[in-house]
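The block underneath contains the structure these notes are about, expressed in structure tokens.
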Amino acid sequence: MIKLKKILVWFRNDLRLHDNEMLVEAIAKSDSILPVYVFDPRYVEQTTHGTLKSGLLRQKFLRESIADLRSSFQKLGGNLLVLEGRPEELLPELVERYDIAEVYHHREVGPEETEISAHVEDQLWKLRINLRHFIGHTLYNKEDLPFPIKDIPDVFTQFKKKTERDAIVKACFLAPEVINFTELEDWGELPLLNDAGGEDPFLRGGEREGLLHLNALLEEGSLVYQKIQGKAAAGLPAFSSKLSAWLAHGCLSPRMVYWLVKDAEDKFGTNQNFNQILLGLLWRDYFRFMFKKHGLDFFNDAQLDFEQSSPEQEEKDLLDQWKQGRTGHPVVDNYMKELNETGFIPYPARLLTATFLIYILKISWVRGAAYFQDKLIDYAPASNWCNWAIVAGGGKDQRSGKNAFDLEKQFKLLNLDPEDSPLVN
Ligand SMILES: Cc1cc2nc3c(=O)[nH]c(=O)nc-3n(C[C@H](O)[C@H](O)[C@H](O)COP(=O)(O)OP(=O)(O)OC[C@H]3O[C@@H](n4cnc5c(N)ncnc54)[C@H](O)[C@@H]3O)c2cc1C
């Protein structure tokens, strides 16, 4: 009897069908695939800072993204197996139970994520099963860069210049239209959230919603084409595509965003907002590659062990005021409240609230980063920790951190008058 080859596709932060090389390859190399998502309790634990590793708003976004992926597979006649537990325990069990030949997944760069992959790899190896790694989170593939990871320029502008000159952004993989699924009786239930928040979330998770948002953003006449400069811009929020949460969960691929922006540029011409999106995607890549190159050394200069400046209780009170938006400084407080309510604030607001915590309240940047990790719906380890480290004067590119404490510049970024800065009074 011919043995049918089954491949288990382990989904993590890659919750999409489009531009998913891992999925396309698994379909091509197997007789049937078993798509799996594992809700890992370690991701919702409390941290030593008293924050959650993933707060309710992001848990909700993730749940919606998984429900959407499941529904996409159902439309193709299959499903997504949803489990709760540790992948290093559950995946080997599935391999044995369903006679799986190989396991595919996307490689991550965060220390916790890589550690989990290493545990999975070890356990699978005991069964003589290979864990195949794919790269699918960045705009530029690591192997397409004009330098090996160890030689990636630490200075962002050099990284940008050389990458744009010598590397190409590959075309997207098409979403599969036909998939053979391994047959299963019980595909598992999505875990319930204790408190799913309001019925009207700010941004909904999932590939479908992400693509709708991206297409609406690029539609003729949308905000992305409006050029408001000079005095007219005062008081208006700075442009923000709000694509980050879908990018962070992998509901949108950075290449899909890139190519759709390029199409729109061909039709309507380039503009400042398109440049901002494309530049943002490069920063995103840069931080992931920096994490890969330096690991935790990236944070050396930003001091992981912060010397406490105020007595413990006083610091705790100040930190709580910052978290709850009760510092007495209206701009900071409004943004912190917005963060708590929606899980999102734009880049200049993150810069300002982070600067305030570190330089005005003199509280360790690590506490702020842990709070953002809890609250942000777009939390991504490399983007969050590296951006915080840069505001705190760390990172490997001394030029990028130089303006972190330039409040005048930050107020300009927010389209606010520096004279109104509550921080300088
Ligand atoms: C203290 C601090 C913490 C941050 N934490 C995160 C985080 O956890 N996750 C996250 O995705 N971004 C983080 N950022 C970066 C940035 O603020 C957000 O990516 C951006 O605000 C998302 O809004 P947007 O989608 O409208 O961005 P746009 O300006 O429209 O940019 C398009 C995309 O580029 C990427 N991008 C833009 N700027 C950056 C940047 N500086 N670093 C990395 N990627 C970038 C994002 O994926 C974004 O969606 C942080 C910034 C600071 C200062």
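Side notes on the structure shown:
- In the chain, the DSSP-assigned H stretches of four residues or longer account for a calculated mean residue ellipticity at 222 nm of -14000 deg cm²/dmol, using -39500 (n - 2.57) per stretch and the full residue count as denominator.
- The equivalent ellipsoid of region 1-44 has semi-axes of 24, 15, 5 Å, largest first, where each one is the square root of 5 times an eigenvalue of the Cα gyration tensor.
- Cα centroid separation, region 360-393 to region 264-283 (Å): 26 Å
- Selected from VAL155, LEU218, ILE100, residue furthest toward positive end of dipole (the chain; charges at beta carbon): VAL155
- Along its principal axes, the chain has C-alpha extents of 80, 55, 47 angstrom, given from the largest down.
- Shown is the FRET efficiency for LYS160 and ASP297, computed with R0 = 35 Å from the Cβ-Cβ distance and rounded to the nearest 0.05: 0.95.
- Rolling a 1.4 angstrom probe over the protein heavy atoms with all chains in place gives region 207-294 an accessible area of 48 Å² per residue.
- Cβ-derived FRET efficiency at R0 30 Å, ASN215 paired with LYS170, nearest 0.05: 0.90
- The solvent-accessible area of LEU223, taken with every protein chain present and a 1.4 Å probe, is close to 120 Å².
- Note on ASP263 and GLN74: the model spin-label points, each 7 Å out from Cα along the C-beta direction, lie 2.8 nm apart.
- Sulfur and carbon atoms: percent of accessible area, region 6-136 [1.4 Å]: 49 percent
- Surface exposure of region 73-181, expressed per residue as accessible area with a 1.4 Å probe, stands at 52 Å².
- Percentage relative contact order, region 207-294, counting C-alpha pairs under 8 Å, at least six apart: 32 percent
- The residue among LEU124, GLY395, PRO381 whose Cα reaches farthest toward the positive pole of the charge dipole of the chain, with charges on the beta-carbon of Lys, Arg, Asp and Glu, is GLY395.
- Placing +1 on the Cβ of every Lys and Arg and -1 on the Cβ of every Asp and Glu, with nothing else charged, gives the chain a dipole about its Cα centre of roughly 1080 debye.
- Förster radius 60 Å - calculated FRET efficiency between LYS227 and LEU184 (Cβ-Cβ, nearest 0.05): 0.70
- Checked against a 31 Å cut-off, the cross-linked pairs LYS316/LYS409; LYS142/LYS396; LYS150/LYS227 give Cα-Cα distances beyond that limit for LYS150/LYS227.
- Between region 75-148 and region 321-357, the alpha-carbon centres lie 36 Å apart.
- Between 0 and 90 degrees, the angle of helix 312-324 with respect to the longest Cα principal axis of the chain falls at about 80 degrees.
- Spacing of the modelled spin labels on ILE149 and GLN398, each 7 Å from Cα toward Cβ, amounts to 2.7 nm.
- Potential lengthening between ARG128 and LYS316 on full extension [0.36 nm per residue; Cα-Cα distance subtracted]: 62.6 nm
- Accessible surface ranking that places the most exposed of ARG204, ARG284 first, with a 1.4 angstrom probe: ARG204, ARG284
- A simple spin-label model places the labels of GLU93 and ALA118 2.5 nm from each other, with each point 7 Å out along Cα-to-Cβ.
The values are calculated or read from the model by the stated rules, or taken from the named source; none is laboratory data. What you are looking at is a predicted structure, and each value in this text was computed from that prediction instead of being measured. Every residue, glycine as well, gets a Cβ built from its backbone with ideal geometry; the counts of neighbours run over all protein chains shown. When the accessible area is computed, the model is the full protein with side chains, heavy atoms only, and any ligands, DNA or RNA have been set aside. Shrake-Rupley method; radii C 1.70, N 1.55, O 1.52, S 1.80 Å.
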